[in-house]
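Rule-based calculations on the coordinates, nothing more; no lab input. A quick note: this is a predicted structure, and the numbers were derived from the prediction, not measured. Cβ: placed from backbone, ideal geometry, glycine included. Neighbour counts: every protein chain shown.
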């Protein structure tokens, strides 16, 4: 049972940011994928779980530590490792049959043999009759089936799945997931281990023997949870529900036991990433929380169900709400603070003011921008100034999104205005006049 | 039928390699009976040039995307090449090509083909480069995970992905090809006059003899040539390439072609295609990646920055040397006064280009918007315009000369419209495309708010078509610069009309065979076109991309 296939030994990976300084994405990750198990990697976006998957696929080299496949160092994509992609990555100009044959063709297998094997794989995944179709004729679920058949036809030892179900609608995703688990249980596939990267907690708990929760900045394995239930598992069963609850707790802040400590931990630094949460969604959650049936306290999975948000969205919103002091996270629960309750009850105009005040107090980046504008005699500054600052700690896209979020929040909180076409952030006119008078 | 086609091609090909000495004149006649043969020769040249551009584009794209060092050098070089006027190439390269095949017509043929090649290869190469670079990351990763070798990745992923854009560019630059086929067959360099058998020479001869009838025949033959190319070559190709479009959802703007449908139904063609396909796949077996990521051979070499720095230093040294030679050249060969004068001429031509683009915009934007908003009309109009764009405008020049001479008009002003005669269609074409993609909801909103008059144009229509207008204007202005060499210096029989400008300067010097001055003229035009592109069009383009996008 415990024969290791892929081993990661204190692996680190960093990317260069714009100013040339390295930013760690993964740090000191130890991990072993054993024969006969399904492992799920969970974490918020940017936590390095996709990077880890790509390291194991041999697509990118590790900067520190070692990646071993069957005890040998891995320098590039290996024969025994295959992958399924989030956006399917099918070649749109090839038929289903040709897409499935791709890996065999690359190996130089004779046409007849590879056609036979491709047909077998197509049949196994339930696509018979579609051999001649082009990917664009198929629905999303069917396309991903092609992607899976393409990976399985190579008879890989290890199957890596990179958010393979997240581009599908919920029902289709569930069907496909069950089909794969059936195949796995039936022993029809040669695959000895599956690694799933996901941000859907339910998916992870339903599939995996082990769930690894990633922490961000830099990415590392924060917690590990063994799921020793037999498959197929029932979503509605109390054991599974409590497991899901548990994982929510793990993901929202430290382990369940030290939740009190974690509340303090969320205090933000200037150069930190901001959660991807838009204001309408935050206010929506606050209002739902304040009303029936939650009365200020909700179980996160239940809230996800109620609001129809994905796990990732909900986690981002709850993180933002805790940042701003409108809520606290406790285990797998979210609770309104008195301030949050007040916010949910007040009128629109006062909300802006309250939001602005909380921003200034709790989000250093916004406070810094406001401060900079007040100091500047003209009252306006170009966004690039702040972007450059953020790039010391974040990579290109993260710093752009952090600034975008800061600007969106700041605008809503009436702290400053922003002109998209010129990229200039400036104090709102009233503020400017007020300031002029005070001088 | 297929066989007959092959025989024709073989015959034409054989004729290309006939012996020839410089100074000899090739017999040409204005009898319309000869036109089909001339058309065949011209078409053949076009084909060879197209094939060469295609191969060039692929090699260029493959090199630049695989090797950083190649990209650093080749992309700027291509940028410069792109702004060199096509006819400039001809005057410089023809002697070299003749020297390459002494005593054979092949040299001159090559020069003519090369001129057509230069009118298409650069933007095709850029399009291929863009295509190769924008292959989605996940597809690239998939190719690596499934261990496709470089050769396999090229044929299975990179080329198919860039093919639609490449073909589209090929078709758009076809008009340039026809335009220059006319100019490049009748080569007059260093007071020598070589006329290769072909439509272009036919027209040149007709112009020399002021034979309006022959011009009429030539226009007719050209029309047939363009139609044949469109129906037998581009339509089938575009319809076939439709499957390489990347948008995974089906779209309704599929091209259709009767020829492709017929070929797909014919068994013999199908078996031929299948045979080629097999050969092709066999090559995949030969050029495959024979090891995987666990092999020592996959182990990454330790990269050091030294070779890259040395390479950078070499590039810098070469650039400096080139600059120094340039200064030295101007100083000794032509003198600074001449250079200044050429710059002045350049600004005349620039003024013409700007005014003409502006006027064309004034005319075609309303028309284009009107056509674009009527879906039925726009479909038919687009086909017609593509055809018009492919039609060489220089056939109209003699008519213009006749009119100008008759009414004693000032050539400085009235020759200018000729520059944009062929390129204005890009403008119209793109405006129509832009107008037809305005979202329906936006249209309803504009109607609902009762936008009228100038306000409607300023707040709704102009911003909506701006990005596509800029795209069209870039092509149109580039084409106009190119055309200025022909359009500012027009002859008809014994009358020669000349407008002051950079184009006529180059044309004149080419006729005389003054190489240093040709080089100077071309260099200056290059500077103007590149400056114009970098400081005006790219900025407008970026602005359009950022702000005025749906």
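Kindly put A:363, A:196, A:288, B:319 in sequence by how many other C-beta atoms sit within 10 Å of each C-beta, fewest to most.
B:319, A:288, A:363, A:196
Per-residue ellipticity at 222 nm for chain B, helices alone: DSSP H runs ≥ 4 residues times -39500 (n - 2.57), over residue total, nearest 500 deg cm²/dmol?
-23500 deg cm²/dmol
Calculate the spin-label point distance for residue B:259 paired with residue A:339, positioning each point 7 Å from the Cα along the beta-carbon direction, and give it in nanometres.
7.2
Which three extents, in whole angstrom, do the alpha-carbon atoms of segment B:33-246 cover along their principal axes, largest first?
Projected onto its principal axes, the Cα set of segment B:33-246 covers 66, 36, 28 Å.
Just counting partner chain Cβ atoms within 10 Å, what average do the residues of peptide B:136-144 show around their Cβ?
Averaged over the peptide's residues, the number is 6.
In segment B:341-452, what is the volume of the convex hull around the alpha carbon atoms, normalised per residue and reported in Å³?
In segment B:341-452, the Cα convex hull volume per residue is 147 Å³.
Mind checking A:97-105 for the average number of partner chain beta-carbons within 10 Å of each residue's beta-carbon?
Partner-chain Cβ atoms within 10 Å, mean over residues of A:97-105: 3.
Please list the equivalent ellipsoid semi-axes of segment A:348-438, computed as the square roots of five times the alpha-carbon gyration tensor eigenvalues, in descending order and whole angstrom.
Its equivalent ellipsoid spans semi-axes of 21, 16, 11 Å.
Hey, how many Å between the Cα centroid of segment A:385-414 and the Cα centroid of segment A:2-57?
26
Among B:213, A:426, rank each residue by its count of other Cβ atoms within 10 Å, from fewest to most, as a rough exposure measure.
B:213, A:426
Between helix A:170-186 and chain A, what is the angle of the helix's C-alpha long axis to the longest principal axis, kept within 0 to 90° and rounded to the nearest 10?
In chain A, helix A:170-186 runs at an angle near 40 degrees to the longest axis.
How far is helix A:96-107 tilted off the main Cα axis of chain A, in degrees rounded to 10, range 0 to 90?
Once rounded, one gets 80 degrees.
Starting from the Cα gyration tensor of chain B, take the square roots of the eigenvalues, sort them a ≥ b ≥ c, and report rounded, prolate or oblate (rounded when a/c is under 1.5, otherwise prolate if a/b is larger than b/c, else oblate).
rounded
Taking Rh as the Kirkwood radius, which is the inverse of the mean 1/r over Cα pairs, what is the Rg/Rh value for chain A?
Reported Rg/Rh (Cα atoms, Kirkwood Rh): 1.02.
Mind running the shape call on segment B:299-386? Use the C-alpha gyration tensor, a ≥ b ≥ c as the square roots of the eigenvalues: rounded below 1.5 for a/c, prolate if a/b tops b/c, oblate otherwise.
Oblate shape, in that a/c is at least 1.5 and b/c is the bigger or equal ratio.
Of all DSSP beta bridges in the protein assembly as shown, what percent run antiparallel (nearest 5)?
Antiparallel bridges: around 70 percent, rounded to the nearest 5.
With the cut-off at 1.5 for a/c, could you classify segment A:279-344 from its C-alpha gyration tensor as rounded, prolate or oblate?
Rounded shape, in that the Cα axes give a/c under 1.5.
Exposure proxy check: B:309, B:133, A:145, B:245 ranked by fewest other beta carbons within 10 Å?
The fewest-first ordering by Cβ neighbours comes to B:309, B:133, B:245, A:145.
Taking only Cα atoms, what is the 0 to 90° angle, nearest 10, from helix A:429-438's long axis to the longest principal axis of chain A?
40
Over chain A, what is the relative contact order in whole percent, taking alpha-carbon pairs under 8 Å and six or more residues apart?
15 percent.
Residue A:400 to residue A:60: FRET efficiency via 1/(1 + (r/R0)^6), r the Cβ-Cβ distance, R0 22 Å, to the nearest 0.05?
The calculated FRET efficiency here is 0.50.
For peptide A:147-154, what's the mean number of Cβ atoms from other chains within 10 Å of each residue's Cβ?
Counting other chains' Cβ atoms within 10 Å and averaging over A:147-154 gives 1.
For segment B:308-550, compute the orientation-averaged projected area of the C-alpha convex hull (one quarter of its surface), in nm².
17.9
Using the scaling law 2.2 N^0.38 Å as the reference, what is the normalised Cα Rg of the protein assembly as shown?
1.11
Would you compute, from DSSP H runs of 4+ residues alone, the mean residue ellipticity of chain A at 222 nm, taking -39500 (n - 2.57) per run and dividing by the full residue count, rounded to the nearest 500?
-14000 deg cm²/dmol
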